[in-house]
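Scroll down for the structure; my scribbles are underneath it.
Values quoted throughout were computed directly from the atomic coordinates according to the rules given, and no laboratory measurement underlies them. Model, not experiment: these values are computed from the prediction. All Cβ positions, glycine included, derive from the backbone under ideal geometry; neighbour counts span all protein chains shown.
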Amino acid sequence: MVELKDVSVTYSSGVDALHNVNLKINDGDFAFVVGASGAGKSTMIKLILKEINPTSGSIYVNGYNLNKLRRRRIPALRRTIGFVFQDFRLLAFSVQENVLLGREDTPEAVDSVLEKVGLLDKVNTLPHGRDTMMFRQFEKDGVQLSGGEQQKLAIARALFKNAPVVILDEPTAALDPVAEYEIYCRFNELVGGKTAVYISHRLSSCKFCDRIAVFSDCTIRELGTHDELVHKPGGIYAEMFAAQAQYYV
Ligand code: ADP
């Protein structure tokens, strides 16, 4: 469970990034956070990861009250959260090592998550399959995957962590529309049972979520399902959806 109670954040520069935000995401729910640039979405993620502290209010993640969490417990908190950021970094290790990140598991388990993100067929064509090295810093025959393939690998890595909470910040930005659609269609299977917070400005993905939080002017202005929000007269979500729909239909 992830909950923000009356949370406000003012950066030291004096910028108000969040103002009295209340949001509760229940266990296993899939929440979508949407809003224009500068609306405070990334600030909320930084709070959940305890990279920053709120100016006022409380944040609860998996039973931790983050205001009371000691510094030495922060790694334990982060182990309960899998995340994919827009600027994810893959390492100059093998494909498998990029998924496992030091954890131990069977090659079959790695294949299974690669299959789920739609990357297994590609990996099977590489010279050494999942043991093929990424990039060319250390291996002259290392492979350079496309931006979209790297993004799928980053998603596989986040899901493999098997953390109860997963945060996806524009996870499909580098994917072409077909690959993006395939990932969306598999999202429930991919994220299955985890509490997921999905941040994107692409509203086509909202339909897959239990609840949508629309950020604007440092706070949540609308909260509801796609069907509730898309028909709200004068609503921010309805307006954003109408503006973007022309690109989807
Ligand atoms: P979003 O993710 O929705 O684009 P952010 O949470 O990044 O929005 O930013 C919200 C507001 O806080 C913006 O006005 C932004 O300029 C400001 N902001 C973000 N990070 C910092 C920071 N480290 N220091 C000062 N202001 C910041």
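In table form, for the structure just shown:
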read-out: Charge tally in the Cβ shell below 9 Å around Leu159, where Lys, Arg are +1 and Asp, Glu are -1, Leu159 excluded; value: +4
read-out: Centre separation in Å (Cα based) which lies between region 70-85 and region 160-187; value: 20
read-out: Trypsin sites (Lys or Arg not before Pro) within region 11-84: DSSP coil, no more than 10 neighbouring Cβ in 10 Å; value: Lys68, Arg70
read-out: Distance in nm between pseudo-label sites at Gln246 and Phe138 (7 Å out along the Cβ direction from Cα); value: 4.9
read-out: FRET efficiency, His128 to Glu189 (Cβ-Cβ, R0 25 Å, nearest 0.05); value: 0.35
read-out: Backbone N within region 40-69 under 12 Å of label point (7 Å from Thr10 Cα along the Cβ vector); value: 55-56
read-out: Helix-only mean residue ellipticity at 222 nm for the chain, each DSSP H run of n ≥ 4 adding -39500 (n - 2.57), per residue, nearest 500; value: -9000 deg cm²/dmol
read-out: Surrounding net charge for Ile59, when Lys and Arg each add one and Asp and Glu each subtract one, Cβ distance under 10 Å; value: +1
read-out: Stretchable slack from Ala36 to His201, in nm (0.36 nm times residue separation minus alpha-carbon distance); value: 58.7 nm
read-out: Residues in region 36-73 reached by a label modelled at Arg221 [backbone nitrogen below 20 Å; 7 Å Cα→Cβ]; value: 36-45
read-out: Out-of-range pairs (alpha-carbon distance over 23 Å; input Lys161/Lys194; Lys122/Lys152; Lys152/Lys232; Lys50/Lys194); value: Lys152/Lys232
read-out: Sites His231 and Ala173 - FRET efficiency at Förster radius 30 Å, r taken between beta-carbons, to 0.05; value: 0.60
read-out: Spin-label model distance (nm) - Asn62 vs Ser146, 7 Å beyond Cα toward Cβ; value: 3.4
